[in-house]
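Presented below is the structure to which this report refers.
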Amino acid sequence: MKLYLSLLALSSLLCAEITFPLNFKSNFHQTITNEKGKVITYDGEVAFKNLDQTLNTQEEYTRSLFKWSYQSPTLKEVCTDGIQLLVVDHDLEQVSYYTIDDGVNLKEIIKVAKQISEDDYKATYKEIEYLITLNKKKELAQIVYVDSLDNKVKIIFNNMNYNTTVDEASLECQAPQSYDVIKG
């Protein structure tokens with residue numbers, strides 16, 4: 001009987017999935033550690049919203065909007081719709097546009113995540129392994145991974161608010177017209 005209960009518990013653990021919200025807002029603390037051990041720390045706020053849209057009145061698709069607002073040590077906004085990335089660096093007075101080809105797609109990473117313990121999940125996405133930790137309310141608490149430049153990245157989410165109101169306009173990066181523009 002104990003073996004049966006253990007196997008039942010293990011199978012439910014292995015089949016568990018992370019529930020990704022329709023939208024969320026959170027504070028974040030991010031550390032990036034390079035191969036030489038140098039650590040860069042960032043703090044800010046992040047907001048996410050899923051938008052269900054219709055194309056040609058028949059095809060439905062979902063767009064995911066993210067906005068990372070870095071507040072220290074530099075003022076920077078990073079906005080993406082999953083296809084394009086816009087970076088507004090207020091300290092450099094510069095706006096950079098990029099097309100995303102292998103960026104971090106949090107929604108897709110969470111889709112492929114497999115539970116490895118009560119609060120921890122592991123996902124491999126585009127050949128990068130991610131460790132995802134949930135808080136007691138089963139909300140996103142932390143993500144750790146090594147990026148394509150061999151930097152160890154750790155993002156800790158604080159004051160997570162799932163399914164809160166996120167205005168689409170608030171997810172747009174704002175930059176004065178006087179900023180330099182770089183297209184990548």
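A few points about this structure:
- Restricted to the stretch 14-63, and to residues there that are small (Gly, Ala, Ser) and part of a loop (DSSP other than H, G, I, E, B), the residue that is modelled with the highest pLDDT is 37.
- Checked against the criterion of being within 17 Å of residue 17 (Cβ to Cβ), of a type in the set (Asp, Glu) and under 15 Å from the mean Cα position of the chain (by Cα), the stretch 102-124 has at least one qualifying residue.
- Meets criteria (in contact (Cβ under 8 Å) with a residue 40 or more places away in the chain, surrounded by fewer than 17 Cβ atoms within 10 Å (Cβ to Cβ) and not polar (S, T, N, Q)) for residue 108: no
- Subset of the stretch 122-152 [in a strand (DSSP E or B) and without any contact (Cβ under 8 Å) to a residue 12 or more places away in the chain]: 122
- Selection of the stretch 70-84 for residues being farther than 20 Å from residue 27 by Cα and not in a loop (DSSP other than H, G, I, E, B) yields only 84.
The values are calculated or read from the model by the stated rules, or taken from the named source; none is laboratory data. Being a predicted model, the structure only gives us computed values, none of them experimental. Virtual Cβ from ideal backbone geometry, glycine too; neighbours counted across all protein chains shown.
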